[in-house]
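The values are calculated or read from the model by the stated rules, or taken from the named source; none is laboratory data. What you see is a predicted model; the values in this text were computed from it and never measured. All Cβ positions, glycine included, derive from the backbone under ideal geometry; neighbour counts span all protein chains shown.
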Amino acid sequence: MSKLDSKIPEGPLEQKWTKYRSTVPLVNPANKRNLEIIVVGSGLAGSSAAATLAEMGYKVKVFCFQDSPRRAHSIAAQGGINAAKNYQNDGDSVYRLFYDTIKGGDYRSREANVYRLAEVSGNIIDQCVAQGVPLAREYGGLLSNRSFGGTQVQRTFYAAGQTGQQLLLGAYSALQRQVGLGNVQMFARHEMLELVTIDGKARGIIARNLVTGELERHFGHAVLLCSGGYGNVFFLSTNAMGSNVTAAWKAHKKGAFFGNPCFTQIHPTCIPVSGEHQSKLTLMSESLRNDGRIWVPKKKEDAEAIRAGKKKASDIPEEDRDYYLERRYPAFGNLVPRDVASRAAKERCDAGYGVNATGQAVFLDFMYNMKEKYGRAEATKRGISNPTDAQLKELGKEVIKEKYGNLFDMYKQITGVDPYEEPMQIYPAVHYTMGGLWVDYNLMTTIPGLYALGEANFSDHGANRLGASALMQGLADGYFVIPYTIGAYLSTEVSRMSAEKEKPDAIDKIKTKHPAFDEAEKAVKDRIEKLLSINGTKPVDYFHKRLGKVMWDKCGMARNAEGLKWAIEEIRKIREEFWKDVRVPGTNEEFNPELEKAGRVADFLELGELMCIDALHRNESCGGHFREEYQTEDGEALRDDENYAYVAAWEYKGDGQYELHKEELKFEAIKIAQRSYK
Amino acid sequence: MNLTLKVWRQKNAKSEGKLVTYQVSDISPDMSFLEMFDVLNEQLISKGEDPIAFDHDCREGICGMCSMFINGRAHGPLTGVTTCQLHMRSFKDGDTIVVEPWRAKAFPVIKDLVVDRSAFDRIIAKGGFISVNTGSARDANNIPIPKQNADEAFEAAACIGCGACVATCKNSSAMLFVSAKISQLALLPQGQPERYQRVLNMVEQMDKEGFGNCSNTGACEVECPKGISLENIARMNRDFLKASLIQKPKKETGGGAM
């Protein structure tokens, strides 16, 4: 149990980062040029880290499986990015952002990390604006904000419904600038398939060139995994098709502990599943809950009539609607955190009030705010004293369109229904994973020299992430944390290099000839050959869909011991079958997407089991982890702080074997309390 | 729905390609075009045939990876959507659909419907940025930007880099893509210091990559899934002309690192 050292600096919370940043060892510019850093993944965390480290003078290699670093899935983030700027003069502060994040995470995250995140949040906005990221502005030319769940201030910066795209393109621009200057070598259409460790330290990776199938060896004095989350273990999620756990999982099997794997975020507002053929789910941004009111019919017969297509939402009179979030949580209303909103939707649908054909959907309705909030304000502005209902709607529609236009278009495109006329139908879906590789305050995993940034690590969001905080964390880690904290390790590398008279890789190609690289490459090769040689009867997706269903049913929005035990057995069976009966067409020496997918699903089949093991061991409910056995009388998550106020960090001990290590969470600045949004 | 598909098959960049005919049946109108391809690929795999390679990732119209030329149109018959957002309800039972990759000299085919668009990254690396190192930014609200300019910059910045403009253009011109980035940065105060060097450098790289020129037919604007406006090209040309007149001999941009 003593293996985990979180390396949190001493001193009062608000001074930890400032003091640490000023005392962390530095690497002098001449030495930086001899140090090579591998960055896996080119999303917000990866691009921002790679660009910044290259600006500082390190030699950087970046790997992504897509055809361009600009495609990373950060691009799809819609709603916004939080920052404690207090531009709205509504009482925001670093402390308040910190507090909201800890509370939102249901007291399962590390105070020192979260405080640092809140501290650097403002710098992120400054940096992005300087890069030319066109964030939304008011008429006076200053930045605009909106609200997100779990907060009572407006601290979310945004660019229409494309905030992730704009921030990623900013980081991508910075990255491409460094590529152009020769400081970063970019390897697109490459996938990391193994981590190379020498004497217990991360020393490089084996990557597969996805176009030619060639296995390549790459040396690094440090390796940064910025490879995102693992929501695709559920098959259906809002993640991109290619999002995967492979890089992190390979690192885990080489000794990096996996933190809180069962902490998964189920996002309340996604377009519901429509049929068997579906390959992915589409999110409707949380920002919509600023103006959308969530409801189901009060009467079961109305819900049944809607499901049967006999009634429409607009046929249900106001008094027969149950705005259940406003009813249950008057203080936060529709803007409760995601885990709370998701569970509440499930509760209503399970009780028989769901509204689409499958009964698995609730309404997200904009009509009230369209008319009463925006329509009326516009009418007043234009001096229309007695606006008609139609006028209010028309005037309000323009405002709604400006705020959420692309989301409304997307909804219409997918469902064929016009959300300006009829309310959206939404249902929770897998969106984000709070769990990830365990890291210390420096973002280093339990393997020296191996770091995890962004969604790939476990650190800042506890058991539930607040909306608009993923972009903040990815960029905080990449722009403002790792550039400092990596010095603590690389400065020791400098001493070692000089003692061992090691030459930079550019002059000396010998390093990748080390037996550890031979071994790692052979392991990758053997596995690929095995996948191709099974030549079974079922395609990869068959197994992925089966795994996804088990995960969703038993390790999704609600979990219980019995179901989890069954799931563990079932996943083992699916995994066994996979290795006997999967069919992977083609060869290794070509562009072979099915082979890529097979390797990723094989890893998901191992991770899924660990998630269930973690969920089973945590005998409490917290945030997104809801164990049916542990709930309050009114159905809220019931934490057990006495026994479970720790991070569960799992060590890989061979096939299906994991050892639990605990990092106790100490709350010094915040008084731990029952989370309430009532 | 039952459909006949004629799909471009090409083993790799060096081999010759051809259209191959496939039949798919029981396609639901709610499926996306790519989900229909998933079904076809599952069929091919179970028959022991090579599945069709195509690029895709987010499947919600924002990553810019999907890139099919459907019945002679980039991203298919609808306007304002990417291939992944095209649903089968846009087709009729019994239709024959021809699917080809983006075709342009600067986008060589990798396999089947997958092309290499790295030329776009190389153009951005020549100037599609503002040279500001991390940590040197001033407070964001110290740079007020008129809302209209910010909105216009955003509209240009909405480009997803899919390459539909190039695939559509009879000259395989990349000017809509390049001008969108140039416009975004030219419209913002932060982009002014490098404005004229940027346009010269990016255009030079664009030419080097083998993209054609613009002859103002406007097809790119019509097919652009994000509605990037032709005005951007006009703005780029204006800046290019001005830059050519005022700039001293070329210097590398992006300096200041190390």
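Please go through the range A:655-678 and give me each residue that is closer than 22 Å to A:Glu570 by Cα and at pLDDT below 95, ordered by number.
Those that are closer than 22 Å to A:Glu570 by Cα and at pLDDT below 95: A:Asp655, A:Gly656.
Which numbered condition trips up A:Ser42, out of (1) within 7 Å of chain B (Cβ to nearest Cβ); (2) not in a helix (DSSP H, G or I)?
Among (1) within 7 Å of chain B (Cβ to nearest Cβ); (2) not in a helix (DSSP H, G or I), the lone unmet condition for A:Ser42 is (1).
For residues that are surrounded by 15 or more Cβ atoms within 10 Å (Cβ to Cβ), within 13 Å of another protein chain (Cβ to nearest Cβ) and in a loop (DSSP other than H, G, I, E, B), tally how many sit in the range B:14-45.
From the range B:14-45, those surrounded by 15 or more Cβ atoms within 10 Å (Cβ to Cβ) are B:17, B:22, B:24, B:27-28, B:30-45; that's our starting set.
Of the ones still in play, those that are also within 13 Å of another protein chain (Cβ to nearest Cβ) are B:24, B:27-28, B:30-45.
Pick out the ones that are also in a loop (DSSP other than H, G, I, E, B) and you get B:27-28, B:30-31.
Within the range B:14-45, residues that are surrounded by 15 or more Cβ atoms within 10 Å (Cβ to Cβ), within 13 Å of another protein chain (Cβ to nearest Cβ) and in a loop (DSSP other than H, G, I, E, B) number 4.
Of the conditions (1) part of a helix (DSSP H, G or I); (2) modelled with pLDDT under 95, A:Ser459 satisfies every one except a single condition; which number is it?
(1)
Checking A:Asp655 against (1) in a loop (DSSP other than H, G, I, E, B); (2) within 14 Å of chain B (Cβ to nearest Cβ), only one condition comes out false. Which one?
(2)
For the range A:589-635, which positions are closer than 26 Å to A:Ala341 by Cα and within 14 Å of another protein chain (Cβ to nearest Cβ)?
None - no residue of the range A:589-635 is closer than 26 Å to A:Ala341 by Cα and within 14 Å of another protein chain (Cβ to nearest Cβ), so the list stays empty.
Is at least one residue of the range A:664-673 on the phi > 0 side of the Ramachandran plot and loosely packed, with under 14 Cβ neighbours inside 10 Å?
No; the residues of the range A:664-673 include none that is on the phi > 0 side of the Ramachandran plot and loosely packed, with under 14 Cβ neighbours inside 10 Å.
Out of all the residues in the range A:593-612, is one or more outside any helix (DSSP H, G or I) and in the same structural domain as A:Val540 (by TED's automatic domain parsing)? Let's see the steps before the verdict.
First, the residues of the range A:593-612 that are outside any helix (DSSP H, G or I): none.
No, the range A:593-612 contains no residue that is outside any helix (DSSP H, G or I) and in the same structural domain as A:Val540 (by TED's automatic domain parsing).
Among what's in the range B:58-75 and is crowded, with 24+ Cβ neighbours inside 10 Å and closer than 14 Å to B:Leu113 by Cα, pick the residue that is farthest from the other protein chains (Cβ to nearest Cβ).
The residue in question is B:Ala74.
Looking at (1) surrounded by fewer than 22 Cβ atoms within 10 Å (Cβ to Cβ); (2) in contact (Cβ under 8 Å) with a residue 24 or more places away in the chain; (3) in contact with a Gly (Cβ under 7 Å, 6 or more places away or on another chain); (4) within 8 Å of chain A (Cβ to nearest Cβ), which is the one condition that is false for B:Gln85?
Against the list (1) surrounded by fewer than 22 Cβ atoms within 10 Å (Cβ to Cβ); (2) in contact (Cβ under 8 Å) with a residue 24 or more places away in the chain; (3) in contact with a Gly (Cβ under 7 Å, 6 or more places away or on another chain); (4) within 8 Å of chain A (Cβ to nearest Cβ), B:Gln85 comes up short only on (1).
Taking the condition of being part of a helix (DSSP H, G or I) and either touching a Leu at 6+ places or on another chain (Cβ under 8 Å) or in contact (Cβ under 8 Å) with a residue 40 or more places away in the chain (or both), how many residues in the range A:411-432 meet it?
Residues meeting the conditions: 3.
Does the range A:109-128 contain at least one residue that is among the small types (Gly, Ala, Ser) and part of a loop (DSSP other than H, G, I, E, B)?
The answer is yes, given that some residue of the range A:109-128 is among the small types (Gly, Ala, Ser) and part of a loop (DSSP other than H, G, I, E, B).
When the range A:585-602 is examined, which residues are found to be more than 11 Å from A:Val540 (Cβ to Cβ) and surrounded by fewer than 22 Cβ atoms within 10 Å (Cβ to Cβ)?
Taking the range A:585-602 and keeping what is more than 11 Å from A:Val540 (Cβ to Cβ), we get A:586-592.
Within the range A:585-602, A:Gly586, A:Thr587, A:Asn588, A:Glu589, A:Glu590, A:Phe591 qualify.
Matching residues to (1) in the same structural domain as B:Cys165 (by TED's automatic domain parsing); (2) in contact with a helix residue (DSSP H, G or I) (Cβ under 7 Å, 6 or more places away or on another chain); (3) within 20 Å of B:Arg117 (Cα to Cα):
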site	(1), (2), (3)
B:Gln23	no, no, no
B:Asp26	no, no, no
B:Val39	no, no, no
B:Pro51	no, yes, no
B:Thr82	no, no, yes
B:Gln85	no, yes, no
B:Arg89	no, no, no
B:Gly94	no, no, no
B:Val98	no, no, no
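Within the range B:100-159, which residues are in contact with a Lys or Arg (Cβ under 6 Å, 6 or more places away or on another chain) and more than 9 Å from chain A (Cβ to nearest Cβ)?
Across the range B:100-159, the qualifying residue is only B:Phe107.
How many residues, within the range A:114-144, are more than 24 Å from A:Ala174 (Cβ to Cβ) and more than 8 Å from every other protein chain (Cβ to nearest Cβ)?
2
Any residue at all in the range A:279-292 that is modelled with pLDDT of 95 or more and aliphatic (A, V, I, L, M)?
The answer is no, given that none of the residues of the range A:279-292 is modelled with pLDDT of 95 or more and aliphatic (A, V, I, L, M).
Return only the number of the condition from (1) facing chain A (nearest Cβ under 10 Å); (2) over 16 Å from the mean Cα position of the chain (by Cα) that B:Asp93 does not satisfy.
(1)
Tell me, yes or no, whether the range A:35-47 has at least one residue that is buried (at least 24 other Cβ atoms within 10 Å of the Cβ) and polar (S, T, N, Q).
yes
Determine, yes or no, whether B:Ile233 is among the β-branched types (Val, Ile, Thr) and modelled with pLDDT of 95 or more.
The answer is yes for B:Ile233.
Looking only at the range A:527-558, how many residues end up being of a type in the set (D, E, K, R), within 13 Å of another protein chain (Cβ to nearest Cβ) and touching a helix residue (DSSP H, G or I) at 6+ places or on another chain (Cβ under 9 Å)? Explain how you work it out, then say what you get.
Of the range A:527-558, the ones of a type in the set (D, E, K, R) are A:527, A:529-530, A:538, A:541, A:545-546, A:549, A:553-554.
Subset that is within 13 Å of another protein chain (Cβ to nearest Cβ): A:538, A:541, A:545.
From the residues that got through so far, the ones that are touching a helix residue (DSSP H, G or I) at 6+ places or on another chain (Cβ under 9 Å) too are A:538, A:541.
Total satisfying the criteria: 2.
Would you say A:Met186 is assigned to a strand (DSSP E or B) and under 30 Å from A:Leu135 (Cα atoms)?
yes
Only one of (1) among the acidic types (Asp, Glu); (2) more than 34 Å from the chain's Cα centre (by Cα); (3) closer than 27 Å to A:Ala470 by Cα is not met by A:Glu301, so which one is it?
(3)
Tell me the helices (runs of 4 or more DSSP H) entirely within the range A:466-565 that contain at least 1 residues that are farther than 30 Å from A:His267 by Cβ.
Because the criterion is at least 1 residues that are farther than 30 Å from A:His267 by Cβ, the helices (runs of 4 or more DSSP H) in the range A:466-565 that meet it are A:482-500, A:515-534.
Just the residues that are facing chain B (nearest Cβ under 8 Å), among the small types (Gly, Ala, Ser) and under 15 Å from A:Gly180 (Cα atoms), please, taken from the range A:48-84.
Of everything in the range A:48-84, those that are facing chain B (nearest Cβ under 8 Å), among the small types (Gly, Ala, Ser) and under 15 Å from A:Gly180 (Cα atoms) turn out to be A:Ala51, A:Ala54, A:Gly57, A:Ser68.
Tell me which residues, restricted to the range A:165-202, are buried (at least 23 other Cβ atoms within 10 Å of the Cβ), more than 10 Å from chain B (Cβ to nearest Cβ), farther than 22 Å from A:Lys525 by Cα and of a type in the set (D, E, K, R).
Within the range A:165-202, no residue meets the criteria.
Please determine, by comparing only the residues of the range A:573-584 that are buried (at least 21 other Cβ atoms within 10 Å of the Cβ) and within 14 Å of chain B (Cβ to nearest Cβ), which one is farthest from A:Phe65 (Cα to Cα).
Looking at the filtered set, the residue picked out is A:Val582.
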